[in-house]
Amino acid sequence: MNNMKKSRGVLNLILIAVLIAVLGFTTVSGWGKGKSGAAKNINLGLDLEGGVSITYQVKGETPSEKDMADTIYKLQKRVEQYSTEATVYQEGDDRISIEIPGVSDANKILDELGQPGSLYFISEKDSKGELNYLQVGNTGDTAKDFVLNKSIEELQKDGSVVLTGTDIKSADAESYSDQRTNETKNVVSLELNKEGTEKFATATKEAKEAGESIGIYYDGGFVSVPNVNAEIKDGRAMIEGKMSFEEADKLASTIRIGGLNLELEELRSNVVGAQLGEAAIKTSLIAGAIGLAVVCIFMCFVYLLPGLASSIALLSYTGLVLVLLNAFDITLTLPGIAGIILGIGMAVDANVIIFARVKEELSDGKSVRSSLNAGFKKAMSAILDGNITTLIAAAVLWGLGSGTVKGFAQTLALGIVVSMFTALVITRVIIYSFYAVGIRSQKAYGHPKKEREPINFLGKRKMFLGISIAVILVGFVVMGVNVSRGVGALNYSLEFKGGTSTNITFTEDYTLEEIDQNIVPLIEDATGDKNVQVQKVEGTNEVIFKTQTLDLDKREAFNKIMVDNFHVDEKTITTENISSTVSNEMRQDAIVAVLIATICMLLYIWFRFKDIRFATSAVVALVHDVLVVLTFYVVVRVSVGNTFIACMLTIVGYSINATIVIFDRIREELKIKKRGESLDLLVNRCITRTLTRSIYTSLTTFIMVVILYVLGVSSIKEFALPLMVGIICGAYSSVCITGALWYIMKTRLEKQGREAVK
């Protein structure tokens with residue numbers, strides 16, 4: 001029996017080694033030029049790989065701000081089908097620019113996205129019974145066989161225009177199997193808004209009774225002329241016919257793009273290069289490799305053989321994440337790489353929880369086998385509750401967020417699932433395989449230590465709470481001072497407040513590295529903007545510089561630098577004001593998503609812990625961490641852009657996970673609480689017992705981020721610096737704030753209950 005277990009252990013270790021080797025070859029061989037392997041298909045963002053930039057011009061008169069904002073938001077939702085990192089922003093008064101990463105064929109995007117124009121649903125006959133459109137051909141293409149009998153203006157006046165594009169909420173291609181004919185049918189599914197639902201109900205009722213059709217007219221021609229088979233009251237319709245899925249998808253795309261408030265025409269389209277050079281990617285990957293090595297060494301030093309097992313699991317975690325990025329078509333940006341590197345640090349958490357438990361069991365005199373069994377079993381609830389809580393938040397952000405928020409949620413969810421798998425499956429297999437092959441000495445699994453006396457954290461709760469309140473108040477005070485100085489409460493970047501886009505055509509083709517080293521510093525000195533964004537137009541010497549809004553003096557200084565230093569013809573320099581890439585609607589989406597995610601986390605914690613005080617304390621601590629980091633942004637004036645959103649969302653996930661571990665221990669201890677033992681002693685003991693986990697997890701994550709900050713480019717530094725503050729704050733609030741909040745609420749409520757009984 002022992003020989004069989006030993007053989008199985010050896011086989012498991014060999015299989016794990018093969019898995020890591022395959023993952024390593026699959027992913028590492030996919031980076032860089034001439035990519036091969038799974039990583040070659042990972043979608044990269046504009047900052048890493050470049051993509052397509054398309055600019056539309058509004059037809060007719062200068063549009064209102066409301067119509068522009070509405071059109072930008074709708075386009076943003078549509079381009080997210082290509083990438084969650086695609087951006088849409090206003091350029092000048094009447095132009096809209098779209099940037100889609102990972103694409104090199106602008107014409108393909110224009111064909112798939114559709115040419116924005118007017119969309120009308122037109123009844124077959126008017127109120128007098130006269131035909132609104134005529135069938136003039138029999139080519140087999142039903143839509144093209146029809147032409148209008150009247151002008152659009154006449155049709156609108158006599159009420160023959162049933163719907164316009166603005167009444168359409170969504171349009172999607174779908175396939176289903178017809179049970180009667182056993183055929184697969186392709187259809188277009190439509191959903192209307194409230195106003196459209198009411199109008200369409202009336203129109204379809206009349207058309208059904210008369211046996212007529214309702215033609216769909218777009219940009220000068222019919223795209224579909226379906227017969228009406230039923231009155232449609234609920235605002236959901238289906239267009240059927242002999243269509244391939246590609247044809248159905250094209251029709252759905254046409255209907256979606258026709259739902260814009262404004263008519264647009266293509267002004268220009270370019271293929272743009274990566275905003276960051278190869279050096280930026282290399283330094284981030286080097287930072288990840290160094291950080292991973294440091295964390296592995298730390299784990300082996302602290303936990304010995306279990307630390308080695310967790311290190312091997314971390315290697316598999318890294319490989320699996322990169323492979324799954326490809327499998328699920330998740331767009332990877334430089335902050336995304338930073339998020340994966342950060343995830344390596346956070347993935348240590350589950351292993352630390354397990355092996356800290358194993359050490360406790362060894363300290364109680366149990367055998368190695370019993371300690372391993374108990375360690376995994378007792379750590380299970382904390383790992384599951386912590387990760388499921390964060391996963392709930394990721395799911396809400398994924399479903400309700402837009403742009404960067406949605407992209408972050410995808411990466412977060414992927415990291416959570418993979419980290420749980422590697423900790424609970426791969427680490428477990430490795431450590432039990434070590435045991436099976438004969439490594440059973442207690443010394444190899446950790447040095448048992450006597451339990452330390454509980455630290456009186458609750459006795460210092462007033463001091464801790466006072467420090468937190470003071471720091472948060474400083475943030476609000478400095479915000480007020482900044483507003484009074486006219487510099488804004490926060491240092492908003494291009495993504496949040498817009499700026500100026502300047503196109504320069506150089507006399508020679510500079511590389512991105514040459515631009516970053518020789519040109520950007522001069523622009524920063526002249527404009528005072530330390531966050532200049534650069535894009536090269538492929539196949540030309542044209543470079544686009546995006547800065548904060550430049551006044552006349554700064555524009556002239558900018559132009560002078562180009563003329564004097566790089567011999568640029570000033571007449572070829574074009575400048576436009578651009579809007580923020582994070583629209584008001586996207587901000588609202590993000591706020592709503594975060595609020596709903598917080599409520600869902602609160603409800604889950606309440607359900608699992610059967611005590612609303614646990615849930616309330618956790619959420620208050622979460623808000624505390626966000627506000628403290630916000631204070632850092634305010635005081636230090638770190639740029640607030642897309643990395644700000646990613647940073648805050650990371651802190652939310654990190655904070656709640658750390659808090660759950662302490663609450664899980666309190667819940668466990670309450671079940672076996674000795675009679676007469678004071679509650680404050682129990683809470684202090686629980687915090688003390690989990691203190692090692694809190695310190696080690698924070699330390700390993702902090703190490704990853706510090707290395708990222710030291711080696712990273714400027715945009716990564718802006719992400720890493722406040723994140724370091726967030727990690728420290730998360731550890732502080734988990735240890736010093738959450739337990740105290742729960743204790744205060746519980747003791748006060750119980751006191752009030754006793755007084756009520758008296």
Contour minus end-to-end for Val635 and Lys66, with contour as 0.36 nm per residue of separation and end-to-end as the Cα-Cα distance?
201.4 nm
Let me spell out the model: positive unit charges on the Cβ of Lys and Arg, negative unit charges on the Cβ of Asp and Glu, origin at the Cα centre of region 170-319. What dipole size does that give, in debye rounded to 20?
640 debye
What number, in percent, do you get for the relative contact order of the chain if the mean sequence gap of Cα pairs under 8 Å and at least 6 apart is divided by its residue count?
16 percent
So which trypsin sites (Lys or Arg not before Pro) in region 651-745 pass both tests, a DSSP loop state and at most 16 other Cβ atoms within 10 Å of the Cβ?
Lys673, Lys674, Arg675
re region 549-691: pairs of Cα atoms spaced beyond 26 Å account for a percent value of 52 percent
Under Stokes-Einstein, the chain at 10 °C and 1.306 mPa s, with its Kirkwood radius over C-alpha pairs, diffuses with a coefficient in µm²/s of 54 µm²/s
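Can you classify region 358-478 as rounded, prolate or oblate using the Cα gyration tensor, where a ≥ b ≥ c are the square roots of its eigenvalues, rounded means a/c under 1.5, and otherwise it's prolate if a/b beats b/c and oblate if not?
oblate
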Please go through the residue pairs Lys208/Lys233; Lys144/Lys194; Lys125/Lys208; Lys377/Lys450 and name each one whose alpha carbons sit more than 19 Å apart in this structure.
Lys144/Lys194; Lys377/Lys450
Computed for the chain: size of charge dipole around the Cα centre, +1 on C-beta of each Lys and Arg, -1 on C-beta of each Asp and Glu, debye to nearest 20, value 6300 debye
Quick one: Cα centre-to-centre distance for region 589-659 and region 439-467, in angstrom?
26 Å
Acute angle (nearest 10 degrees) that the helix 739-757 long axis makes with the longest principal axis of the chain, alpha-carbon atoms:
80 degrees
Taking Cα atoms only, helix 714-732 is inclined relative to the longest principal axis of the chain by an angle, in degrees rounded to 10, of 40 degrees
Helix 427-436: inclination vs the chain longest Cα principal axis, degrees, rounded to 10, gives 40 degrees
Selection from Ser284, Ile455, Phe663 lying farthest towards where the dipole of the chain points positive, charges on Cβ
Ile455
Rounded percent of accessible protein surface that carbon and sulfur make up, the chain, 1.4 Å probe
56 percent
What is region 447-491 by shape, rounded, prolate or oblate, if you read a ≥ b ≥ c off the alpha carbon gyration tensor as root eigenvalues and call it rounded for a/c under 1.5, prolate for a/b larger than b/c, and oblate otherwise?
oblate
Can you give me the long-range amide H partners of Glu212? Hydrogens built in the peptide plane at 1.01 Å from N, cutoff under 5 Å, separation of 5 or more residues or another chain.
Val228
With 0.36 nm assigned to each residue of separation and the Cα-Cα distance removed, Ile612 to Val417 gains 67.5 nm
Per-residue HN-Hα couplings for region 508-520 [Karplus 6.51, -1.76, 1.60; θ = phi - 60°; Hz; x = Gly/Pro]:
9, 8, 7, 6, 5, 5, 5, 5, 4, 7, 10, 9, 4
So, by mean Cβ neighbours within 10 angstrom, what's the order for 568-579, 369-380 with the highest one leading?
369-380, 568-579
Lys/Arg +1, Asp/Glu -1 at C-beta; the chain dipole; positive extreme among Leu522, Leu131, Ala393
Ala393
Return the sequence-ordered ³J(HN,Hα) values of region 409-423 in whole Hz as given by the Karplus equation 6.51 cos²θ - 1.76 cosθ + 1.60 applied to θ = phi - 60°, using x for Gly and Pro.
4, 4, 5, 4, 4, 4, x, 5, 4, 5, 5, 5, 4, 5, 6
Student exercise: in region 463-622, how many lysine pairs 8 or more apart or on different chains have Cα atoms under 27 Å apart?
18
Rounded to the nearest 500, what is the chain's calculated 222 nm mean residue ellipticity when only DSSP H runs of at least 4 contribute -39500 (n - 2.57) each, over all residues?
-19500 deg cm²/dmol
What residue among Tyr176, Leu163, Ile152 has its Cα farthest toward the positive end of the dipole of region 147-222, where the charges are +1 on Lys, Arg and -1 on Asp, Glu, each on the Cβ?
Tyr176
Using a Förster distance of 25 angstrom, determine the FRET efficiency expected from the C-beta separation of Phe566 and Ile286, and round it to 0.05.
0.20
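Take the alpha carbon gyration tensor of region 389-548, find the square roots of its eigenvalues, order them as a ≥ b ≥ c, and report rounded if a/c is under 1.5; if not, report prolate when a/b exceeds b/c, else oblate.
Because a/c hits 1.5 or more and a/b fails to exceed b/c, region 389-548 counts as oblate.
The values are calculated or read from the model by the stated rules, or taken from the named source; none is laboratory data. Everything numeric in this text was worked out from a predicted model, so none of it was measured. Note that we place each Cβ from the backbone using ideal geometry, even for glycine, and neighbour counts take in every protein chain shown. The accessibility values were calculated without ligands, DNA or RNA, using every heavy atom of the protein model including side chains. Shrake-Rupley method; radii C 1.70, N 1.55, O 1.52, S 1.80 Å.
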